[in-house]
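To start, the structure itself, in structure tokens.
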Amino acid sequence: MLEFFELLAREAAPAEFEQPLIAAREAGASPPELAELERAKLRALQVRAVLERRRRREEELSALYDTASDLAALRDLDAVLRAIVHRARTLLNADVSYMTLNDTARGDTYMRITDGSVAASFQSLRLAPGAGLGGLVALRGTPYVTANYAGDARFEHTSDIDRGVGDEGLVAILGVPLKLGAEVIGVLFAANRTERPFAREEVALLVSLAAHAAVAIDAARLLTETRTALTELSAANEAVERAAAAHDRLTTLVLRGGGVEDVAHDLVDVLDGTLLVFDATGRRLAAAGSLPSPPPAMLAEAIAASRAEGRSVRRGPLYVAAVVAGTDDLGALVFQPASPLSEADQRTLERAAQITALLLLFRRTVAEAEAQVRDELLDDLISHPDRDPAALRSRAARLNVDLDAPHVVVVADGTQITSWARTFAATRSGLAMTRDGRTTLLLPGTDPGQAARSVAKEAHRELGRPVTAGAAGPFSAGAASPFTAGAAGLVGEAAGPVAGSATVAAAHREAERCVRALVALGRTGTGASAAELGYVGLLLGDGQRHDVLGFVASTLGPVIEYDDKRGTALMHTLDAYFAAGGGLARAAEELHVHVNTVSQRLDRVTQLLGTGWQDPERSLDVRLALRLHRLSM
């Protein structure tokens, strides 16, 4: 008998209560002993059933107590209703539990909350009045249960409901009404995917949970109405105060010389949210907070609507206010508030748009004036070699341009990038202008090729089409002219007091020839300096200053240096190799050495010049450099 007490103590499963009988039979117990054990087993199972019912009752009472506690601390109606529906499913050991509520506006019933559901069609069901088991419960205000929904003819079946129930796989359904007084406001359900007769105590438990849910819904309604009234009153007062504060802040901002970025940050301080400021081309001017750019088509439509209506417009979570001045479209403010804006807040956004328009007009005027000054300075450096150097240097200093520092000139084809080029140059303490149908930039630096490639790449990104750029330099714009040839590029003979316009003019001519050569060579969309074009670059040089030594050094410098240090004959071998038309045997015969020697020397040349020196285009540079080297000796 002790074994049954132990099984009861550890809450064993019913099947385990057979183990003492099985063990007694195997031990050879007599029939009377086995009969006694059978009676003890039955009593033990009866005791277990009583304990199980009490345990379940305790769980039910605990769930009801928890639900009452939730109601007492009601903060979130959805959370309370979800807890009630989940407890219904857990306590009734159901596969699915759900709640429907009446929609007085549409005159039907909709699915409010589900727990354990997997079918989207079921979760989005809407029921006509009186339809389905839920309609029967709502109509009569009493619980209904069906062990097999599909075969039950007591209520009206509809295709939508039957399809949703079928998609969910529900068979047995219990529904009880949610009542406020005599009014049924919804139905609470528990359902199984297999046939199941719900017990009377399970129906009573679900009725209790439904009563709590009805109380929660009513309490939330009253609380919401009270809060709404208080919120509307408070919001009206806050809107007035916020509008006044915003007006004062924006006015003060303009008076102290603030910019568009300051407007953006001040506005989001007043109106909680995130803001983007765009110019007329759709480019971001400023941002306050993290907000993705809206689709261009949507932004263009919203700006047009805002301008037509003369006020801000709402598109989803965004408010768009056009920034206009007269007939000029200057851009837009795109604001995403933390909560929908009141009328007063929208007026504040529109005032911010007006102030932004004033600031952009002022910025445009200043930019145009500065651009004209920069254009005139670069034009004087190129076109007027005899201009007073001290005046040029002073004008440049006022524009943050140091004419005594090394500079390069970059010429890009086309004039569509002029506005971008001015900004690009200004941010690098340089100059830019349109000249002779091309865009010219004067940039600080010592690497003309890199400057040309940077301009080509960035301009392509800005314009959306390939841009070719040629460059020349480096030179000091403050050095005197004429020039001497040097391996490094354009270098003045002596530092003088003159900001040498001739220096810039010569570099400009070479950069123009370079960009024309790039186009002629089919290298549209790239950037390079004349020195990087090999023999073509040599031919592009100014007639008075071909950089012969620089070309030879850049093409064959490592080989010449190797011969000078080691007394080898690599240069002589290259001469013989090209004279023999690339034939190793003929070259060896000319040099009076073994053909393996020629091969080893050419391998050494490859190590010094890199692979590809025998390719047709590069070999032409090498042969020309060989010829010039012989002439210079």
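The values are calculated or read from the model by the stated rules, or taken from the named source; none is laboratory data. As the structure is a prediction and not an experimental result, all values here were calculated from the model. Note: ideal-geometry Cβ built from the backbone for every residue, glycine included; neighbour counts use all protein chains shown. Accessible surface areas use protein heavy atoms only, side chains included; no ligands, DNA or RNA. Shrake-Rupley method; radii C 1.70, N 1.55, O 1.52, S 1.80 Å.
Calculated FRET efficiency, ARG623 and HIS594, Cβ-Cβ r, R0 22 Å, to nearest 0.05? For R0 = 22 Å, the calculated efficiency reads 0.35. For LEU180, nonlocal amide neighbours, meaning residues 5 or more places apart or on other chains whose placed amide H falls under 5 Å from its own, are ILE185.
The largest accessible area among LYS565, LYS41 belongs to the first residue in LYS565, LYS41, and the rest follow in falling order (1.4 Å probe, all chains).
Taken about its Cα centre, the stretch 145-231 carries a charge dipole of roughly 240 debye when the Cβ of each Lys and Arg holds +1 and the Cβ of each Asp and Glu holds -1.
Within the assembled protein chains, the solvent-accessible surface assigned to ARG623 is about 130 Å², based on a 1.4 Å probe. Note that the stretch 92-103 has calculated 3J(HN,Hα) couplings of 8, 6, 9, 6, 9, 10, 7, 9, 10, 10, 6, 9 Hz, one per residue in order, obtained from phi through the Karplus relation 6.51 cos²θ - 1.76 cosθ + 1.60 (θ = phi - 60°); glycine and proline are x. For the set ASP375, ASP167, solvent exposure ranked by accessible area (probe 1.4 Å, protein chains only) runs largest to smallest as ASP167, ASP375. Whole-Hz Karplus values for the stretch 605-614 come out as 4, 4, 4, 7, 9, x, 5, x, 5, 8 Hz, taken residue by residue from phi with 6.51 cos²θ - 1.76 cosθ + 1.60 and θ = phi - 60°; glycine and proline positions read x. In order along the stretch 260-270, the Karplus-derived 3J(HN,Hα) couplings, from 6.51 cos²θ - 1.76 cosθ + 1.60 at θ = phi - 60°, round to 4, 4, 5, 4, 4, 6, 5, 5, 6, 5, 7 Hz, and Gly and Pro are given as x. Heavy-atom accessible surface of SER419, to the nearest 10 Å², is about 80 Å², with a 1.4 Å probe and all protein chains retained.
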